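Below: one structure, written as structure tokens.
FYI, it's all coordinate maths here, none of it is from the lab. Keep in mind the model is a prediction, meaning the values are calculated, not measured. Note that each Cβ is placed from the backbone with ideal geometry, even for glycine, and that neighbours are counted across all protein chains shown.
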Amino acid sequence: MTKAEILKAEILKQYKSVRQFAIEMEIPYSTLVTALDRGIEGMAYGTVIRMCDRLNLNPVDFTPLNQKSVLGSRIMENRVMQYYIRLNKTGRKKALELMEDYAQLDKYKAVEEV
């Protein structure tokens, strides 16, 4: 399946119609239909990201994200891991030590969701 086909299938799975999705996303219906028919490569990157976020899809490979996952968090985790795997054993150890240090400081702690 192409990315456009995946998007269209997911839109129809989550919404009554492509038109309804276009209205909620504030995208011209004709623009969305054209992109879904011809391919999304010509769409603005930001629009594709917003669509993936609304549909809970990974914008890289268009696979479904875990329902409890926030798109931004998943992208950030992936980015951190991409840097981490580039490090040698010593670099990985140092990175983990630094993260442990920062995690103990209130200034850098994440706000827990309730």
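The table below gives the values:
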{"quantity": "Where trypsin sites (Lys or Arg not before Pro) fall in DSSP loop in segment 1-57, at most 14 other Cβ within 10 Å", "calculated": "Lys16"}
{"quantity": "Span-rule helices in the chain, defined as complete DSSP H runs reaching 20 Å or more along the axis (Cα) with Kyte mean at least -1.0", "calculated": "71-86"}
{"quantity": "MRE, 222 nm, helices only [DSSP H, n ≥ 4, -39500 (n - 2.57), over the chain, to nearest 500]", "calculated": "-19500 deg cm²/dmol"}
{"quantity": "Inter-site label distance for Lys13 and Glu97 at 7 Å from Cα along Cβ, in nm", "calculated": "4.6"}
{"quantity": "Proximal lysines relative to Lys3, as straight alpha-carbon distance under 28 Å, when same-chain residues fewer than 8 apart are discounted", "calculated": "Lys13, Lys16, Lys68"}
{"quantity": "Size of electric dipole in the chain: Cβ of Lys, Arg +1 and of Asp, Glu -1, about Cα centre, debye, nearest 20", "calculated": "280"}
{"quantity": "Placed amide H near Leu57: partners under 5 Å, 5+ positions off or other chain", "calculated": "Leu65"}
{"quantity": "Loop GluC sites (Glu not before Pro), segment 1-107, which have at most 12 other Cβ atoms in a 10 Å radius of their Cβ (DSSP)", "calculated": "Glu26"}
